[in-house]
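Comments concern the structure below.
Readers should treat all values here as calculations from the given coordinates under stated rules, not as data from a laboratory. Keep in mind that this is a model prediction, so the values were computed, not measured. Note: ideal-geometry Cβ built from the backbone for every residue, glycine included; neighbour counts use all protein chains shown.
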Amino acid sequence: MLRRDTLALTALLALLTAVGPISVDMYLPSLPDIGQAFGATVPQVQLTLSGFLLCFAIGQIVYGPVSDHIGRRPVLQVTLIIFVAASIGCALAPSVDMLIVLRGVQAFGVAAAPVLARAIVRDLHSGARAGRELSRMGTIMALAPAIAPSLGGLVQTLLGWQANFYLMAAFGLYAFVMVTVLLPETLERPADATLSLSSILRRYGEFLRHRSFLSYLAILSAGYGGLFAWISGSSFALQTLYGQSAFAFGLTFAGSTLGFLCGTLIAAKLVTRYGIDRTIVWGGIWLATGGLAMLLATAIDLRSPLALAVPIAVYLVGLGLAYPQAIAGALTPFSDRAGAASSVLGFVQQVVASAIGIVVGHSLGQSALPLAAIIAALGALALALAILNLRHRRLPED
């Protein structure tokens with residue numbers, strides 16, 4: 001087993017957190033071909049994304065409280081096996097409706113990974129130290145969405161869309177082996193309350209009445225919502241409207257995600273010096289700038305893929321700065337209920353993201369302007385919320 005305060009453990013937690021993004025990013029270049037293969041409409045194909053996010057949210061609301069009682073490792077082991085089986089099922093799906101259903105099962109399986117990775121960080125750290133650890137995880141995790149789309153585009157070109165789901169299954173199996181062999185159990189004392197629906201709902205109500213928790217949750221939801229708008233709409237915008245091939249799209253998408261990597265590297269240096277809340281505000285500035293730049297570029301009808309890729313890279317620098325710190329701030333007050341608190345964070349942000357994905361799917365037409373407008377609005381909202389949070393925070397940084 002790995003020792004608790006090591007870079008190797010951080011890398012393993014980043015691996016777990018990356019399973020979810022890989023499940024989305026790797027098959028993005030295949031979306032147009034999936035639609036053609038099944039004779040499906042754009043909204044139907046988008047449901048393989050937004051439906052995934054909805055089931056991802058439902059899974060997250062369940063796993064945190066369960067892990068607070070029985071431990072992090074056993075929950076991760078069971079759910080990763082579900083993910084592997086569902087990934088193979090997606091590759092064998094005979095229709096778009098069955099693919100949508102199996103994507104939901106796949107999401108339900110992988111939902112435990114980010115929830116429990118965050119809970120493990122909170123088991124071991126709090127405050128700015130947790131923020132730094134989450135930023136380090138984000139730096140490593142950012143390699144996944146940088147590699148997955150280009151790899152997915154290459155696999156799509158050479159072997160077809162089904163092969164991407166077989167690759168997801170292999171990655172999930174590898175994660176299962178790593179958890180089984182290397183991950184220590186970090187839950188030192190099980191939660192005191194009885195594990196029942198009423199106790200879980202009561203606990204969730206406490207979180208949602210906690211002012212600090214709600215502030216960070218709102219920032220998370222806005223920032224992540226802009227990212228998912230990009231995930232939902234970029235494949236169709238860049239391939240259908242801007243004429244990129246699946247492989248070229250994968251490279252463009254991967255290049256833009258390096259912004260998130262840069263943001264997390266900067267955040268890991270800044271947060272212990274300036275604190276969580278100021279780092280989030282700086283992130284909000286980048287989020288708003290990137291979103292508004294994309295809106296301007298599409299409004300004046302710049303037809304280069306860079307008109308979308310460069311602004312979203314700026315946006316993702318902001319997300320890399322703000323996202324890990326907002327998670328750390330939200331979880332810090334709940335050392336004894338980190339799993340449940342992490343569940344609520346994941347559930348709400350994924351429900352918001354799923355709703356945004358549905359809106360993006362129905363708004364895409366002959367222009368990328370609606371996509372840019374949604375991202376710009378969410379970036380500006382994240383900045384406003386970050387400033388309000390900084391002004392009204394009363395809890396000390398640690």
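Brief remarks follow.
- Rounded, prolate or oblate (a/c below 1.5 giving rounded, otherwise prolate when a/b exceeds b/c) for the range 229-268 by Cα gyration tensor: prolate
- Residue-count net charge about LEU270 - beta-carbon cut-off 12 Å; Lys, Arg +1, Asp, Glu -1: +3
- For the chain, the gyration tensor built on C-alpha atoms gives an oblate shape. Its axis ratio a/c (a ≥ b ≥ c) is at least 1.5, and a/b is not larger than b/c.
- The range 121-130 - phi-based ³J(HN,Hα) in whole Hz, Karplus 6.51/-1.76/1.60, Gly and Pro as x: 4, 6, 4, 9, 9, 8, x, 4, 5, 5
- Residue-by-residue Karplus 3J(HN,Hα) for the range 365-370, coefficients 6.51, -1.76, 1.60, Hz, glycine and proline x: x, 9, 8, 8, 4, x
- Overall shape: oblate for the range 1-77, with the ratio a/c of the largest to smallest alpha carbon gyration tensor axis at 1.5 or above and b/c at least equal to a/b.
- Per residue, the chain reaches -28000 deg cm²/dmol at 222 nm when only DSSP H runs of four or more residues are counted, each adding -39500 (n - 2.57).
- Cα convex hull, the range 281-322: 34 Å³ per residue, rounded to a whole number.
- Our coupling estimate for the range 48-53, obtained by passing each phi through the Karplus curve with A = 6.51, B = -1.76, C = 1.60 and θ = phi - 60°, is 5, 8, 5, x, 4, 5 Hz, Gly and Pro reported as x.
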